[in-house]
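Here the structure comes first, spelled out in structure tokens, and everything after it is commentary.
The values are calculated or read from the model by the stated rules, or taken from the named source; none is laboratory data. Note that the structure is predicted; figures quoted are calculated from it, not measured. Every residue, glycine among them, receives a Cβ derived from its backbone with ideal geometry; neighbour counts consider all protein chains shown.
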Amino acid sequence: MVELDYIAQIRSLVMAGKAEGVQRVIKNALKEGYDPKTLLQEGLMTSMESVGTKLINNTFWIPEVLLSSRAMHAGLHVLRPCFKAEKAKKLRVVIGTVAGDLHDIGKKLVSIMLEAKGFEVIDIGIDVTHEYFARAVRHYQPQVLAMSSLLTTTMLEMERVIKYLEQVGLRKDSEDLVVMVGGRPVTEEYAEEIGADLYAKDASEAAHVAADYFREQCLVS
Ligand code: B1M
């Protein structure tokens, strides 16, 4: 019951855009031993779903969405260390939101869940061009390149990035680099069509799909 109270408090504080309040409630809940995953999924993530619905129904406007988004990020900041797993050898993921797209909340959740599974995650930000993705792959030498897109217009960038990586010799197939894609408009069929190796519909599926892929190859335990 008390846990539900914490969840309800987190939800109403995110909706009200109260970043400091969200942090305070999450810290109290953690101090009392509540599960960080529940606080993340049922507190923070469902709040943003409600924000989305309110935006569609015109009962929320962009400034309110931005305040809620700021409060959500403040909560994520407190929860992030709870999901860090220690692993001897880490597989590296470079993640970014594609060019033209500024949405980053989902990408951050995917990063947190991947870190919780033991991956080292390098987040190269939002509005990332195909050239910059390629530069990051050359520089960080990741095993996985993860791309997020929230707009039907920008999801087309994912194919462009994959083609460009092939063109500049950074990827022939998944043996060189595993490409994972996801985000609201992205489907499994689209992922397959553009030649991505992995697709996930949400953050926890992304972590499972990536871990299962490497487990199959005995690269993680
Ligand atoms: Co934007 N926006 N937005 N927005 N926004 C959407 C996406 C939209 C669906 C709203 C709507 O109209 N109903 C719509 C897209 C429509 C479409 O393309 N079909 C939309 C639009 C149109 C726009 C603008 C064009 C609005 C305008 O200016 N007229 C504009 C575009 C700006 C740009 O990017 N160039 C815009 C701007 C914004 C804000 C800046 C105000 C803000 C973003 C703030 C931020 O991210 N820092 C914003 C927000 C918050 C939203 C909604 C309300 C919420 C998105 C979100 O954070 N969801 C969204 C409506 C909605 O989704 N209900 C909307 C919570 C998050 C946890 O979920 O991001 O889906 P999500 O991530 C999930 C999965 O998608 C998946 O896992 C995540 C966690 O489970 N996932 C992956 C994501 N990446 C993955 C990668 C993976 C695997 C899974 O592997 C690599």
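The number of residues in the stretch 22-56 that are closer than 15 Å to Ser69 by Cβ and away from the ligand (no atom under 16 Å from the Cβ) comes to 1.
Taken over the stretch 141-165, residues that are under 27 Å from Arg215 (Cβ atoms) and surrounded by 15 or more Cβ atoms within 10 Å (Cβ to Cβ) amount to 12. I'd like the residue in the stretch 195-205 that is modelled with pLDDT of 95 or more and crowded, with 18+ Cβ neighbours inside 10 Å and, out of all such residues, is nearest to the ligand (Cβ to nearest atom). Among residues in the stretch 195-205 that are modelled with pLDDT of 95 or more and crowded, with 18+ Cβ neighbours inside 10 Å, the one nearest to the ligand (Cβ to nearest atom) is Ala200.
Conditions (1) within 21 Å of Gly43 (Cα to Cα); (2) assigned by TED's automatic domain parsing to the domain that holds Asp202; (3) touching a strand residue (DSSP E or B) at 6+ places or on another chain (Cβ under 9 Å), marked per residue:
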{"position": "Arg80", "(1), (2), (3)": "yes, no, no"}
{"position": "Gly96", "(1), (2), (3)": "no, yes, yes"}
{"position": "Glu115", "(1), (2), (3)": "yes, yes, yes"}
{"position": "His130", "(1), (2), (3)": "no, yes, yes"}
{"position": "Val137", "(1), (2), (3)": "no, yes, yes"}
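Is it fair to say Met147 is more than 14 Å from Asp202 (Cβ to Cβ), near the ligand (Cβ under 7 Å from one of its atoms) and touching a strand residue (DSSP E or B) at 6+ places or on another chain (Cβ under 7 Å)? It is true that Met147 is more than 14 Å from Asp202 (Cβ to Cβ), near the ligand (Cβ under 7 Å from one of its atoms) and touching a strand residue (DSSP E or B) at 6+ places or on another chain (Cβ under 7 Å).
Taking helices (runs of 4 or more DSSP H) as the structural unit, those lying wholly within the stretch 105-184 and holding at least 1 residues that are among the small types (Gly, Ala, Ser) and modelled with pLDDT under 95 correspond to 105-116.
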